[in-house]
Every structure is written in structure tokens, then in C-alpha cells.
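Comments concern the structure below.
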Amino acid sequence: MDKIEESIGYVFKDKNLLKKALTHTSYAYENKVDSNEKLEFLGDSILEFISSKYLFKTYPKLQEGEMTKVRAAVVCEKSLYKIATLHNFSDFLYLGKSEKKTGGEKRPAILADSVEAVIAAIFLDGGIEKAEKFIIDNLKDEIEQATKHVGDRDYKTVLQEKLQEHGEVKIEYKITQEKGPDHDKYFEAQVSCNGKLLASGEGKSKKEAHMEAAKKALEDLK
């Protein structure tokens, strides 16, 4: 525990919180203890809030849509996996026997989830300021890079990356309505993932309608 606390820059008053944050469901099932799933759920919300607050305060020139794109690019499995690797989380995870055999301590999804759980554990143990420090210390460089390239990727690309964090999914766009004369057309579009409707958008071209639907889907995703 001392090693990981030193690495993340936070000493827990309640060591059991840290242990729970590093306890995968496979270990929890085998040993009849609580897993880190609920902490992960809370940590995800804290991460979204703190990153949004940081973007709002630090980059006042970014528009709302640009902030959404930056946040989606940064608050993702890839970035969280980097944090877990930086702090050697794989050395401290509590995994079940079957998960260990298949190299679970190296799986990006498991490591990324553990970072969210640790964020929640820090919040519960030391408050929002301590959680914020951990998040910003570990993500500010990623955020800085993302803001520099915010115009490089469109909403459809960012949405695709977000939805495919945990594997391949089927993303579909379709035009649901066309209005107006040929010289002044107006289109409505829908975007769905694996058959589930995510959002609708409108625009003066099919591409614009698709993009607006993707933008709204990003805003709605938690």
C-alpha cells in the first residue's frame, strides 16, 4: 500500500478503501468481498465533472462543442490506461485466479476501471480537492495536447472512438426526414449504436445533420 500511495501522491486514512478500489470482480466473487464496481461508477462521474470544470476554467476560448470533443478524447480508456501504467497499478490489483491466468493485470479495460475506482476512493477518503489534484496532475498534459488538436477530428470520429473503447460496435447514421425545396433542403438524421437510438440532429446537408446528431450523442453520453 505504501508504494502505490507514494506513486499516486495520496496517503489513505482508510486503507480498506484503496484495497477495494483495486479489487476486481473476479477476486471479489472468489473471496466473497466487495469489488470496485460501485467505486468505478462514482469515479467516472467525478472524472467527468473535474475534467469539465478544468476545461471551463483553463481554456475560456474553447466553445462548448470543442470542450465536449476534448473531454471525450481525454476521458477515455486509453488515457486512463496510461495513468494506470504510470503508477504500476498492475502490481497492486486483486484479481481472481482465472483472471490472473489470462493476464488480466495487463488488460487496458481492467486497469482503466481501476483508475476510476481509485479516484472515487480518494474522494471518499480525502474530499473533492484531493481527487481533483490526482486527476489534473495525471491528465493536464493529455488535455493540453487534445486542445491543440481539437479541430483535427470531427464529432463522428470522436463519437466512434468513445463508443468503441471496449470493443467493436455497430454505429449507424440515417436520414429520417427531408424538408424544403431543392435549393433550400433541410435534413434530419439519427445516430444509433447496436440498434439503440442515441440522438437526432438537423442540418442543411446530410453531413451537417449527421454531425449534429453525433455532437448531441457525445453530450448525452456519460
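Applying the condition of being among the β-branched types (V, I, T) and touching a Phe, Trp or Tyr at 6+ places or on another chain (Cβ under 7 Å) to segment 152-199 and asking which residue is nearest to G65 (Cα to Cα) yields V191.
When S79, S114, S51 are checked against the criterion of being touching a residue at least 60 places away in the same chain (Cβ under 8 Å), more than 27 Å from S26 (Cα to Cα) and crowded, with 17+ Cβ neighbours inside 10 Å, S51 stands alone in meeting it.
Summed over segment 130-168, the residues that are outside any loop (DSSP other than H, G, I, E, B), among the small types (G, A, S) and farther than 22 Å from P60 by Cβ give a count of 1. With respect to the conditions (1) part of a helix (DSSP H, G or I); (2) under 23 Å from L55 (Cβ atoms); (3) of a type in the set (D, E), E208 lacks only one, and its number is (2).
Note on segment 115-143: residues that are among the polar types (S, T, N, Q) and either touching a Ser or Thr at 6+ places or on another chain (Cβ under 8 Å) or not assigned by TED's automatic domain parsing to the domain that holds V74 (or both) total 0.
For segment 174-199, a residue qualifies if it is surrounded by 13 or more Cβ atoms within 10 Å (Cβ to Cβ) and not in a strand (DSSP E or B), and exactly one does: K185.
The values are calculated or read from the model by the stated rules, or taken from the named source; none is laboratory data. Everything quoted here is computed from the prediction, not taken from an experiment. Glycine also receives a Cβ, built like all others from the backbone with ideal geometry; neighbour counts cover every protein chain displayed.
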